[in-house]
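Note sheet for the following structure.
The values are calculated or read from the model by the stated rules, or taken from the named source; none is laboratory data. Bear in mind the structure is a predicted one, so any value in this text is a computation, not a measurement. Here the Cβ positions follow ideal geometry from the backbone for every residue, glycine too, while neighbour counts run over all protein chains shown. Surface areas here come from the heavy atoms of the whole protein model, side chains and all, with no ligands, DNA or RNA. Shrake-Rupley method; radii C 1.70, N 1.55, O 1.52, S 1.80 Å.
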Amino acid sequence: MTAPSPDTIAALMDAGGEMPVRVVPGARVEKAAVENGALKIWIRTAPEDGKANKAVIELLAKIISVPRSNVEIIKGLTSRDKRVRITLNPLK
């Protein structure tokens, strides 16, 4: 899988840890890239019953090496264009 570095992804986030994500479900290969100031993620999963959203969260968490619970889709649950919040240093 090809993906930008965690530092590149962190640079896309605003002060609240939010960033735009464009999703391409049903892709042949899973990958991620930065395009037009947003992270674009290709996933194999079809967009049905929230499965694609779950796959996006899992892939993004894997790329930036954080637990899945630190990645949350806050806008665009039924859209290809999403707003994602990532907590890099959760409060304990």
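Key figures for this structure:
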item	result
Condition check for A15: open to solvent by 60 Å² or more (accessible area, probe 1.4 Å) and of a type in the set (G, A, S)	yes
Flag if I9 is over 16 Å from R80 (Cβ atoms), crowded, with 17+ Cβ neighbours inside 10 Å and of a type outside the set (F, W, Y)	yes
Answer residue from region 17-31, given it is in contact (Cβ under 8 Å) with a residue 24 or more places away in the chain and not in a strand (DSSP E or B) and is farthest from D7 (Cα to Cα) among those	P25
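To keep it simple, each residue is scored yes or no on (1) touching a residue at least 12 places away in the same chain (Cβ under 8 Å); (2) open to solvent by 80 Å² or more (accessible area, probe 1.4 Å); (3) out of contact with any helix residue (DSSP H, G or I) (no Cβ under 6 Å at 6 or more places or on another chain); (4) small (G, A, S).
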{"residue": "A33", "(1), (2), (3), (4)": "yes, no, yes, yes"}
{"residue": "W42", "(1), (2), (3), (4)": "yes, no, yes, no"}
{"residue": "K54", "(1), (2), (3), (4)": "no, yes, yes, no"}
{"residue": "N70", "(1), (2), (3), (4)": "yes, no, yes, no"}
